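Colleague: Got a structure here, written out as C-alpha cells. Questions coming.
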Amino acid sequence: MLMFEAIDWSEIATFIAVGFAAQIVDGALGMAFGVISSTLLISVMGVPPATASAGVHLVECFTTGVSGISHALHKNVNWKLFFRLLVPGVIGGVTGAYLLSTLDASVTRPFVMAYLAGIGVYLLWRGLRFPPREHKEPKVIAPLGLAGGFLDAAGGGGWGPVVTSNLLVQGAQPRTTIGTVNSVEFFLTLSVSITFIAHLGFEAFTTAVVGLLIGGVVAAPFGAIIAKRVPTRTLLVMVGVVLTLTSGFSLYKALA
C-alpha cells in the first residue's frame with residue numbers, strides 16, 4: 001500500500017485537480033465523480049477496470065461521507081427515500097463488485113452508456129421546457145437502487161447517473177433527490193470497497209487514487225451549497241448536459 005511520505009506531489013497535482021472538479025459536479029448534480037474518474041484512469045492511464053473501480057470507490061468512501069453530511073446539514077435529504085434506496089443499493093453494489101473482480105463487464109457497458117446518454121438528452125429537453133409538470137414522489141425505487149448499485153460497482157461509476165436521472169424522470173424534486181442519492185452513496189461505496197479489498201487487496205490503491213482523494217475531499221462540502229441555491233430548471237439542464245456528455249464519451253470509448 002502506498003505510504004503518504006513517499007508521494008511525489010508534483011506527480012499527483014493533476015489528479016488532485018480532477019478529483020476537485022469531479023466532486024464539485026457530483027455534489028451539485030448527484031453524479032459524475034465515478035464516471036469522470038474512472039474514464040481518466042481507464043482511458044488515459046490504462047488502469048484495468050476492476051483496479052480503477054476499486055480505487056475510485058475507496059476515494060468515494062471519503063468524498064461521499066463529507067458530501068452526505070453537508071447535504072444533511074443543508075436539509076437536502078429526503079429520509080424516506082434514503083432508506084428505500086439504501087438496502088437495494090448496497091446489495092447491488094456488492095454483487096457488481098464481486099462480478100467485476102472475476103468477469104469482464106465491457107460487453108454490457110456500451111448498452112448502459114447509450115441508455116444513460118438517452119436519459120441525459122431527455123432531462124436536458126425537460127429542463128429547457130420546465131416546468132412540464134409538478135414534482136411528485138417517485139414510485140420505482142428499490143429496483144432502481146439495485147440496478148444503480150450493481151452498475152456503479154461493475155462499471156466503475158453509475159450510481160448517480162442511473163439513480164438520480166431516473167428519479168428526476170419520475171418527477172422527483174431535484175434538490176432533495178441529489179442530496180439523498182449522494183448520502184446513500186457513502187454506504188454503497190463503503191460496501192463496494194470492502195468487497196474489492198477482499199478480492200484484490202490493497203494493490204488497487206495507487207498514486208492517482210491519493211490525488212483524487214485529496215481533491216475530492218476538499219471539494220465535497222461545496223456541492224451541497226450549489227444544489228441548494230441553484231434553481232430547479234438550471235439543475236435539470238446541468239444534469240442533462242453532464243450525463244449526455246460523460247455517457248456519450250464513455251460510449252465512444254467503449255465502441256472505439
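No lab work stands behind these numbers, since they all come straight from the coordinates. The model shown is predicted, which means the values in this text are computed figures rather than measured ones. Here the Cβ positions follow ideal geometry from the backbone for every residue, glycine too, while neighbour counts run over all protein chains shown.
Colleague: Mind sorting E60, E137 by how few other Cβ atoms lie within 10 Å of their own Cβ, fewest first? Don't skip to the answer; put the middle values down first.
Modeller: Details: E60 29, E137 13.
Exposure proxy ranking, most exposed first: E137, E60.
Colleague: Assuming R0 = 22 Å, what is the FRET efficiency of A17 and K253, from their Cβ-Cβ distance, to the nearest 0.05? List each step's numbers first, then the result.
Modeller: Working: r = 21 Å, r/R0 = 0.96.
Efficiency, rounded to the nearest 0.05: 0.55.
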